[in-house]
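Take a look at the structure below.
Only the coordinates and a few stated rules stand behind these numbers; no lab work does. Everything numeric in this text was worked out from a predicted model, so none of it was measured. When we count neighbours, we look across all protein chains shown, and the Cβ atoms used for this are built from the backbone with ideal geometry, even at glycine.
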Amino acid sequence: MKPGMIALIAVSAAASASGTAFAQCATVDPVIVPQVRVDPLDAGGPAELVQPFVLTFRRAGVDTTPIVLRYQIVDEDSSAQSRIGRSQGPTVEWQSQDSSRDIGAFRSEGYALLRSGQALLGEKDQATQRTLSLRLTNLRDDLAAGVYREQFTIRYWCGAQDNTLPYEAQGIVAVSVAVPNVLSASIAGASPRGEIDFLDFAALTRSLQINVRSTGPYQVSARSLGGGALVREGSAGSTDSADRIAYRATLDNEPLNPGEAARPQRRAGLVGRRMTLDVAVEDIGDKRAGAYADTLLVTLAPVN
């Protein structure tokens, strides 16, 4: 991540090219691109997202003649794929209204002018504006929850000559992308409900699978409508142990006690995680004959 927003424009002459330097012809206004919110779990959402914003150049000095400006947006800490954040953040492309090409560049590139937009300060114009688009291209990737921030540099040339040295407004474009901590959970494929049937209690332990996907950590809690026991049909309100079959629930071998939150689970990601819910009942030798049941509500909630 780059440091916090720079409120003043820092301008320096690049030293990577040779040629005659023009006097600085313009300055660039700081830009805060509206924050973009991305939900990787939203299967119906777009695969890409475009956020427009306006870049303003202002004439410097007293000259009133027309000036052609060429400009590009420089990622200071990436080398192959421009990202918001150093390594795992959203990938980004930049497009100007006068070009269908990506006008993004990297600090280490030697042929920067191959990707640039153009602006014109007409005769006596004090300012000119260009509409640019921030394009996020990897919204289907496994992005972890959090706010990704980056500040990009505007590199620009005064005049149409290819041998002029560029000026730079460093950290002038501030971008942030918010990925919320969200999750989805299902039992037996796509259902939010499941059933464990002990049949004739030939086996005292039964299991089912819970599938979880999440962008961040989450916590599991449980609530038993029967007070932690299977209750014999027709004996609601009875406290006689012969009408109740106590049970113990575990999730991936960790106790899942009704009314208590289990320890937070790590991020499951888009690939997801399969968790095993085991329910073990006590011996039923002294229980009355009948049908026994309980509803165990298992809640998975993001931990912010």
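Of the residues in the stretch 210-234, how many are under 27 Å from the mean Cα position of the chain (by Cα) and part of a strand (DSSP E or B)? Residues that pass the stated criteria total 9. Filtering the stretch 241-274 to residues that are among the aliphatic types (A, V, I, L, M) and closer than 14 Å to Leu296 by Cβ leaves Ile245, Ala246, Ala249, Leu251, Leu256, Ala262.
Sub-8 Å Cβ pairs linking a first residue in the stretch 218-240 that is within 30 Å of Arg267 (Cα to Cα) to a second residue that is of a type in the set (Ser, Thr, Tyr) and surrounded by fewer than 14 Cβ atoms within 10 Å (Cβ to Cβ), at least 6 apart or interchain, are Val220/Thr299; Ser221/Thr299; Ala222/Thr299; Arg223/Thr299; Ser224/Thr295; Leu225/Thr295, ordered by first then second residue.
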